[in-house]
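Readers should treat all values here as calculations from the given coordinates under stated rules, not as data from a laboratory. What you see is a predicted model, and the numbers here were worked out from it, not measured in a lab. Virtual Cβ from ideal backbone geometry, glycine too; neighbours counted across all protein chains shown.
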Amino acid sequence: MAETVTQQKNETRQKAIKRIWFVFWILAIVTAIEVLLGIFRPESLDHHKLWNMKLINWIFVGLTVVKAYYITWTFMHMEDEDTSLRRSITWTITFYICYILFVFLVEGDYLYEVIHNDIMIWDF
């Protein structure tokens with residue numbers, strides 16, 4: 001009986017260690033992609049824009065969101081939670097990130113236009 005409990009604990013421990021290393025390697029690969037893109041900055045991504053922001057910056061934002069989601073999913077044990085709880089957290093954060101990006105881009109573009117062109121686009 002004691003051997004069975006010990007074996008179960010060892011198996012559980014081995015699974016946990018394997019899971020931690022798996023998460024480590026996924027996060028390390030995503031981080032390595034971010035670092036390599038930051039070092040080499042491909043011209044095709046650096047000169048093209050989407051919604052007034054360079055494509056490479058959109059890729060950085062996307063990879064950061066993927067890492068944040070994966071960290072939340074793994075270390076906050078969201079994978080074991082009920083579907084409605086996962087969706088409520090995920091959708092709320094996704095909406096918030098989209099809203100913040102929209103506000104930053106609109107306000108940043110307005111400030112850029114005011115500072116560089118010395119004109120006021122919106123009269124409050």
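7 Å from Cα along Cα→Cβ at both I39 and T12: what's the point-to-point distance in nm?
So the label points at I39 and T12 sit 4.2 nm apart.
Name the residue, out of F40, F75, F24, whose mean-square fluctuation peaks in a Gaussian network model built on the chain with Cα pairs under 10 Å.
Judging by the Gaussian network model, the answer is F40.
I'd like the FRET efficiency for I29 and D80, computed as 1/(1 + (r/R0)^6) with the beta carbon distance as r and R0 of 25 Å, rounded to 0.05.
Calculated transfer efficiency: 0.55.
With labels modelled as points extended 7 Å from the Cα through the Cβ direction, what inter-label distance (nm, one decimal) is found for Y110 paired with L55?
For the pair Y110/L55, the computed spacing is 3.0 nm.
For the chain, what is one quarter of the convex hull surface built on the Cα atoms, given in nm²?
Taking the Cα atoms of the chain, their convex hull projects to 12.0 nm² on average.
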